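Written out below as structure tokens is the structure these notes cover.
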Amino acid sequence: MNPRAQLPEPDPDVCRSLADDLREAGFTSAALREAWGETPDTAVARGLRSPALRALSGRDDALAVLGRLLVLGMPEPRASVDRALPRTGASGLAKLGLATEDADAVTPVAIVRPQSFADEHGDGEWWVASDLDEAALQSALPEDHVLGVGGASLTLASLQLPTPSGRGLDLGTGCGIQALRARRSVAHVVATDVSERALRFTRLNALLNGVDGIETRLGSLFEPVAGRQFDRVVSNPPFVITPRVDGVPAYEYRDGGMVGDGLVAAVVSQVGAVLAPGGVAQLLGNWETRGGDVGLDRVREWVAGSPVPLDAWVVEREVLDPLSYAELWVRDGGTLPGTPRYASLIDAWLDDFSARDVSAIGFGYILLRRPETGPATLARFERMPQALPDGGLGAHLADALTAHDRQTALDDVELAASALVVSPDVTEARHQLPGAEAPTVIELRQGGGFGRAIAVDPGLAALVGACDGDLPVGVLVGAIAQLLEVDEVALRDDLLPRVRELLVTGFLRFDD
């Protein structure tokens with residue numbers, strides 16, 4: 001069987017049998033990590049399978065057989081596979097298009113990897129099927145490759161808002177990981193892709209994990225859902241900037257077929273039309289710094305170009321120069337340094353960037369929201385390259401949107417009448433020279449969310465320290481003004497805008 005042959009339509013009964021077999025075998029990420037050890041587990045994540053194979057050498061138990069076959073992509077004796085999967089057997093894997101079989105051996109043509117996760121609804125684990133990776137293929141990836149769960153996938157999954165909603169769209173679903181995650185909070189999800197192969201993996205993964213309510217549609221961008229609106233849109237789009245020249249692979253999972261960052265620009269400028277009032281879109285993306293146009297400013301222009309008003313929160317996490325960007329994505333496709341093809345691909349990327357006067361490429365998170373009514377009120381375009389605290393950002397983003405809406409609805413008199421409390425993850429650090437009476441720097445640090453650290457002056461530090469829910473902000477400002485011997489009106493005018501910012505960023509909360 002040709003590994004690039006189309007997957008068959010997944011059989012629900014065989015999927016249930018396979019799920020039962022995998023569950024009975026204890027086929028989990030934790031069990032595999034224990035079976036082959038921490039270091040080999042890290043190596044597997046980097047595409048190196050030999051340490052794990054060495055650790056499983058000589059073992060013929062179900063976990064070892066399935067680890068080699070379904071995670072590492074190695075052929076296994078048919079008798080061993082039939083024992084490891086007593087309900088499904090080698091014939092069931094072949095029926096699902098996950099392997100080929102003969103009288104003696106079973107050869108995988110896809111991988112099925114357990115993926116643990118934790119969100120506000122609890123802990124869980126999925127089995128995620130996708131195409132064989134470079135380690136299993138021992139070659140560069142085919143252009144129609146369907147990617148499994150990678151770092152970007154996990155990042156976007158952790159960003160998804162956990163608040164319940166009715167209708168969701170996963171744009172460019174790939175293997176379906178975002179659709180699975182969205183169904184944790186969204187009643188019904190439409191998953192779209194330009195690749196029928198990807199959609200069959202999505203349907204397979206939904207059946208394998210017993211997740212209903214996922215509908216698949218074939219097509220590009222928003223064409224498959226024209227005329228429909230959604231409460232939640234999530235997309236890990238094929239945003240990788242790829243030269244449009246002969247000889248450069250156009251991988252479906254990462255290349256949207258447009259020039260430069262045009263794919264992300266198209267999603268940002270068009271998504272408002274499919275958002276219901278109050279609906280939120282979340283995506284990852286790249287954006288170019290061209291000439292004097294800074295990348296984040298160009299994203300701002302895309303948002304402004306939407307025919308539907310959009311609240312926007314864009315976080316730039318990383319910036320790469322053109323050479324570093326080219327090297328990243330040439331290696332990602334399985335072409336290694338030191339080869340003539342590697343050098344020619346790097347040149348193609350550099351020529352492409354030079355043609356548009358690109359000096360840097362940003363990567364980050366984009367959150368867009370269609371207001372319930374009226375104009376947009378949120379416009380945050382930030383650079384946050386710092387390491388993030390453990391845990392997902394979805395709940396933090398949801399809380400930030402709620403806080404933004406609430407404080408926006410209050411005038412200064414109403415805000416001054418509000419009682420606030422310090423978030424439990426906030427700490428204060430003071431730095432001063434030896435022998436000095438007062439600190440030279442006062443810093444508030446956030447243990448969750450984006451892990452922000454901000455410098456504050458004595459007035460704001462005193463206000464934050466006094467926010468325990470007992471007294472309203474206005475009363476506290478008056479007391480601090482007396483203590484610092486400053487004008488109360490001037491202090492209030494200075495502090496209230498910064499209190500609003502601390503509410504949105506999660507340092508302070510309303511006490512209710």
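The values are calculated or read from the model by the stated rules, or taken from the named source; none is laboratory data. Note that the structure is predicted; figures quoted are calculated from it, not measured. All Cβ positions, glycine included, derive from the backbone under ideal geometry; neighbour counts span all protein chains shown. All accessible areas refer to the heavy atoms of the entire protein, side chains included, with ligands and DNA or RNA removed. Shrake-Rupley method; radii C 1.70, N 1.55, O 1.52, S 1.80 Å.
The table that follows gives values for the structure above.
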{"item": "Qualifying positions in the stretch 216-230 - under 22 Å from GLY256 (Cα atoms) and either in a strand (DSSP E or B) or not aliphatic (A, V, I, L, M) (or both)", "result": "THR216, ARG217, LEU218, GLY219, SER220, PHE222, GLU223, PRO224"}
{"item": "Any chance THR155 is under 23 Å from LEU48 (Cα atoms) and in a helix (DSSP H, G or I)", "result": "yes"}
{"item": "Meets criteria (farther than 30 Å from GLN138 by Cβ, open to solvent by less than 60 Å² (accessible area, probe 1.4 Å) and among the aromatic types (Phe, Trp, Tyr)) for TRP313", "result": "yes"}
{"item": "Subset of the stretch 12-21 [out of contact with any Leu (no Cβ under 7 Å at 6 or more places or on another chain) and either aromatic (Phe, Trp, Tyr) or surrounded by 15 or more Cβ atoms within 10 Å (Cβ to Cβ) (or both)]", "result": "ARG16, SER17"}
{"item": "Hey, LEU48 modelled with pLDDT of 95 or more and either of a type in the set (A, V, I, L, M) or more than 28 Å from the chain's Cα centre (by Cα) (or both) or not", "result": "no"}
{"item": "Residue among ALA43, ALA31 that alone is in a helix (DSSP H, G or I) and at pLDDT below 95", "result": "ALA43"}
{"item": "1 or more residues open to solvent by 20 Å² or more (accessible area, probe 1.4 Å) and either of a type in the set (Asp, Glu) or on the phi > 0 side of the Ramachandran plot (or both): qualifying helices (runs of 4 or more DSSP H) within the stretch 427-512", "result": "488-505"}
{"item": "Residue match in the stretch 4-18 (condition: more than 15 Å from LEU96 (Cα to Cα), assigned to a loop (DSSP other than H, G, I, E, B) and in contact with a Pro (Cβ under 9 Å, 6 or more places away or on another chain))", "result": "no"}
{"item": "For GLY26: the one exception among (1) at positive phi; (2) free of Cβ contacts under 8 Å to residues at least 24 places away in the same chain", "result": "(2)"}
{"item": "Residue count, the stretch 316-333 (criterion: farther than 25 Å from MET384 by Cα and open to solvent by less than 20 Å² (accessible area, probe 1.4 Å))", "result": "2"}
{"item": "Among the residues listed as ARG228, ARG200, ARG183, the single one being open to solvent by 50 Å² or more (accessible area, probe 1.4 Å) and either among the polar types (S, T, N, Q) or more than 27 Å from LEU18 (Cβ to Cβ) (or both)", "result": "ARG228"}
{"item": "Subset of the stretch 389-413 that is open to solvent by 50 Å² or more (accessible area, probe 1.4 Å) and closer than 29 Å to ASP231 by Cβ - its residue that is modelled with the lowest pLDDT", "result": "GLY391"}
{"item": "Single residue of GLU143, GLU120 found to be touching a helix residue (DSSP H, G or I) at 6+ places or on another chain (Cβ under 7 Å) and modelled with pLDDT under 90", "result": "GLU120"}
